[in-house]
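The structure appears below as structure tokens.
The values are calculated or read from the model by the stated rules, or taken from the named source; none is laboratory data. For clarity, every value in this text was computed on a predicted model and none was experimentally measured. Don't worry about glycine lacking a Cβ; one is built from the backbone with ideal geometry, like all the others, and counts go over all protein chains shown. Note: areas computed on protein heavy atoms with side chains; ligands, DNA, RNA excluded. Shrake-Rupley method; radii C 1.70, N 1.55, O 1.52, S 1.80 Å.
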Amino acid sequence: MSILHVPLVVICMLDYGQAFLELNTASLGNSTPPNLPAAFSTALQKTLTINAQQTLVFDKVLTNVGNGYDLQSGKFTAPVKGLHLITATAFNFYHVSPTLEIVQNNISLVDLYLDGSGHQNSAMTQTLILMLNKGDSVWVRSKTDAAKLSGSAGQPTGVYNTFSGYCIKNVE
């Protein structure tokens, strides 16, 4: 029996968003260390309204080891073949009920439905473990028109919408 050791990437919010503990990209840069071929973490800082089939482009890159996340397209492209953990969290405005989806190579995998009925916001997270080939792309897009997502609400570190992932095991 073999045991798979899974690295853990943690982003902690301390003191209600006053500080972030992030993967130390200053020492890693965007180079690819031998035991971590790909890791990315992104956030949406601005309030955004998008239409059906439109890709959600997360405008703040927290980590991009291996340069897999493209800030222009909003897509993560696997730099290596392997088992990847992918997660997305979305937060909407009340009275708006958008449905988002996590997509791999233009195939919808799972939905994130945000119930905006009443006077409440809602949040949802989906986490997947995917076997990605080198060059496969994963992104978040809207399934509904006028999907309005909350940005930082004027807070310098208030982040409600995120898209992250990392390679658990390289199989090349």
message: For region 106-147, give me the residue count where each residue is in contact with a Leu (Cβ under 9 Å, 6 or more places away or on another chain) and among the polar types (S, T, N, Q).
response: 7
statement: Going through region 83-109 in order, the residues found to be at pLDDT 95 or above and open to solvent by 60 Å² or more (accessible area, probe 1.4 Å) are Asn105, Asn106, Ile107, Leu109
- request: Check whether at least one residue in region 121-134 is in contact with a Pro (Cβ under 7 Å, 6 or more places away or on another chain) and either buried (at least 18 other Cβ atoms within 10 Å of the Cβ) or at positive phi (or both), and report yes or no.
  value: no
query: Being assigned to a loop (DSSP other than H, G, I, E, B) and at pLDDT 80 or above, is that true of even one residue in region 110-123?
result: no
message: If the requirement is being in contact with an Asp or Glu (Cβ under 8 Å, 6 or more places away or on another chain) and at pLDDT 65 or above, which of these qualifies: Phe76, Phe58, Phe40?
response: Phe76
query: Pairs, please: C-beta under 7 Å, at least 6 apart or cross-chain, first residue in a strand (DSSP E or B) and open to solvent by 40 Å² or more (accessible area, probe 1.4 Å) and in region 41-70, second modelled with pLDDT of 95 or more and not hydrophobic (A, V, I, L, M, F, W, C)?
result: Lys60/Thr42; Val61/Thr42; Val61/Tyr69; Asp70/Thr77
- prompt: Consider Val80 against the criteria (1) touching a residue at least 60 places away in the same chain (Cβ under 8 Å); (2) in a strand (DSSP E or B); (3) open to solvent by less than 50 Å² (accessible area, probe 1.4 Å): it satisfies all of them except one. Which criterion is unmet?
  reply: (2)
